[in-house]
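A.B. asks: A single structure is presented below for examination.
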Amino acid sequence: MALEQNILRIDRLFKELDSLRPIDKLQEELIMEKFRLEWNYNSNQIEGNSLTYGGN
C-alpha cells in the first residue's frame with residue numbers, strides 16, 4: 001500500500017512541477033545554486049563534517 005501511495009504522490013508532484021515550466025534563466029540558476037548548497041551540506045553531514053550553512 002505504501003508503494004502505491006508513493007507512486008501517486010510522485011505523479012502528483014511531477015504534474016505540479018510540469019505546470020511551473022518553463023522557468024526563466026534566473027529562477028533556474030537560483031534553484032541550481034540552492035540544490036548545490038543543499039547537496040554539499042548534506043554530503044558534509046554524512047561524512048561527519050561539522051560545517052554549517054553559516055560556515056561556523
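A.B. asks: How do the pairs read when you match residues in the range 39-50 that are part of a helix (DSSP H, G or I) with residues anywhere that are surrounded by 10 or more Cβ atoms within 10 Å (Cβ to Cβ), using Cβ under 7 Å and keeping only pairs 6 or more apart or on different chains?
C.D. replies: Taking only residues 6 or more apart or on different chains, the pairs are Asn44/Leu51.
A.B. asks: Looking at this structure, is Gly54 on the phi > 0 side of the Ramachandran plot and either in contact (Cβ under 8 Å) with a residue 60 or more places away in the chain or out of contact with any Gly (no Cβ under 8 Å at 6 or more places or on another chain) (or both)? Break it down stepwise before answering.
C.D. replies: On the way: on the phi > 0 side of the Ramachandran plot: no; either in contact (Cβ under 8 Å) with a residue 60 or more places away in the chain or out of contact with any Gly (no Cβ under 8 Å at 6 or more places or on another chain) (or both): yes.
The answer is no for Gly54.
A.B. asks: Let me ask something else. Do the conditions hold for Arg12, that is, is it surrounded by 10 or more Cβ atoms within 10 Å (Cβ to Cβ) and of a type in the set (Lys, Arg)?
C.D. replies: In short, yes.
Read-outs throughout are calculated quantities, based only on the coordinates presented, and are distinct from any laboratory measurement. In this text, all values refer to a predicted model and were calculated from it rather than measured experimentally. Methodologically, a virtual Cβ is constructed for each residue, glycine included, from the backbone with ideal geometry; neighbour enumeration extends over all protein chains shown.
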